[in-house]
Amino acid sequence: MITVMINAINTYEVFIKQTLLEHLALDDTRDYVIITDTGVPKQWVTKVSSQLSNVVVFTVNAGEESKSLAVYQHLIAELQAHSMDKSTCLIALGGGMIGDLTGFIASTYYRGIDWINIPTTLLAMVDASIGGKVALNTTVSKNVIGAFYPPLKIMIDPLVLSTLPEKEMGNGYAEMIKIACIKDAEFLTVLERKSWSLNDQITHAIKLKKWFIEQDPYDLNVRKHLNFGHTVGHALEHLYQYQYSHGQCVAYGIRIMVHKTPFETRICRVLNAYNLIDVIAYDKPQLIKQIMHDKKKQKNAIEIIELSDFGQAIIRLIDPSALEHYIPEKGVLL
């Protein structure tokens, strides 16, 4: 078993092991609530729930639409209907959406209860589950209702990826490419050559994100580098009602940020190796308007992340008119 300790806000451990879901070894005297979605294969839900004596399973619809105030209110009502109290522990069993939703419920129910994150997608394993950010979306934009509320622990079993569609694997690789671009040029070479095992890639990506989290737990300075590709990516996701995956949108955001720079050719080559090269036919004025609803907006300016070199990034604060320089017309970016 690989264990990564994260010391930020709270101290918690990330456990990584093949077949970890076979032996969770959780405190069986507690009440547990598993929150999952319709996209998670039932075999994983059964494997987790069968190891607990006192457990209830709540299942929401797959997709970002469930990361909403309406679903949040419904699940809070369900917790109360089942007489769940402050001693209850929630288990997030799913991808990044489930982690965000479950963590936000945990942060607010009885002013905070324990939760455990068991990610079932590559994206959640290498990025979304790590760092303690939990959030809901609104009808206007993504992740604007949120908190910093780390889980009790994170339990990663790479075996669950055996049932993950190939397209969903690309979402996780988009995040690994992102963190390699901003922090570790050698890891970018690894991803380019596909020279490590998936387990080693997952572990290394977690350790890279750990560095950012511990340096800047509340996302005030260097942790913002993790938003590379995400300012445009989140805007595309919301603008087109999540018809494009998070990985597609982040990859597209990365491409926009390196367009006509010395980094473009190589980074596009790596994205292409993971089938992350797409053309998204956006409307440029609408996209810029949506970007200005982003949670990183400050008055009439927006933070963007640029590369200064492979493995190094900088934060730049720009006004809306400057976005015209970055974003190509009509999504034609090949």
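With the chain treated as a Gaussian network of Cα nodes joined by springs under 10 Å, which of W44, W196, W115 yields the largest mean-square fluctuation?
Top of the fluctuation ranking is W196.
Suppose we keep just the DSSP beta bridges with both residues in the chain; what percent of those would be antiparallel, to 5?
Looking only at bridges with both residues in the chain, the antiparallel portion is about 50 percent.
Between E329 and V57, 0.36 nm times their residue separation minus their Cα-Cα distance comes to what?
93.3 nm is the gain from fully extending E329 to V57.
So if R0 is 35 Å, what FRET efficiency would A147 and H23 give, r being the distance between their Cβ atoms, rounded to the nearest 0.05?
The formula returns an efficiency of 0.65 here.
Using a 7 Å offset from the Cα along the Cα-to-Cβ direction at both R316 and Y218, what is the distance between the two label points in nm, to one decimal?
2.9 nm
Which part of region 202-217 falls in the paramagnetic zone of T3, meaning amide N under 11 Å from the point 7 Å along Cα-to-beta-carbon?
From region 202-217, the list is empty.
Report relative contact order for the chain in percent, whole number only (criteria: Cα-Cα under 8 Å, sequence separation at least 6).
15 percent
Of the listed peptides 242-249, 212-219, what is their order by residue-averaged count of other C-beta atoms within 10 Å, with the highest listed first?
Highest-to-lowest ranking by the protection proxy: 242-249, 212-219.
When the chain is treated as a GNM, springs tying every alpha-carbon pair under 10 Å, which of S68, S83, S53 comes out with the largest mean-square fluctuation?
Result: S83 has the largest fluctuation of those listed.
How large is ³J(HN,Hα), in whole Hz, for each residue of region 36-41 in order, when computed from phi with the Karplus curve 6.51 cos²θ - 1.76 cosθ + 1.60 and θ = phi - 60°, using x for Gly and Pro?
Once θ is set to phi - 60°, the couplings for region 36-41 become 9, 9, 5, x, 7, x Hz.
What FRET efficiency do you get for T265 and D200 if R0 is 22 Å and r is their Cβ-Cβ distance, rounded to the nearest 0.05?
For T265 and D200, the calculated efficiency is 0.25.
How large is the dipole of region 1-109 about the Cα centre if only Lys and Arg carry +1 and Asp and Glu carry -1, each at its Cβ, rounded to the nearest 20 debye?
120 debye
Please state the charge dipole magnitude for the chain, taken about the Cα centre, from unit charges on C-beta atoms (+1 on K and R, -1 on D and E), reported in debye and rounded to the nearest 20.
Here the chain has a charge dipole of around 480 debye.
If every alpha-carbon in region 70-205 counts as one equal scatterer, what log10 I(q)/I(0) does Debye give at q = 0.15, 0.19, 0.20 1/Å?
Listed by q, the Debye log ratios stand at -0.77, -1.08, -1.15.
Using the Cα centre as the reference, give the magnitude of the dipole from point charges on the C-beta atoms of region 166-331 (Lys, Arg: +1; Asp, Glu: -1; all else neutral), rounded to the nearest 20 debye.
120 debye
What FRET efficiency do you get for K207 and T108 if R0 is 30 Å and r is their Cβ-Cβ distance, rounded to the nearest 0.05?
Between K207 and T108 the formula returns 0.50.
GNM on the chain, C-alpha springs below 10 Å: top fluctuator among A301, A205, A281?
A281
No lab work stands behind these numbers, since they all come straight from the coordinates. These numbers come from a predicted model, not from an experiment. A quick note on method: Cβ atoms are made from the backbone with ideal geometry, for glycine too, and the neighbour counts reach across all protein chains shown.
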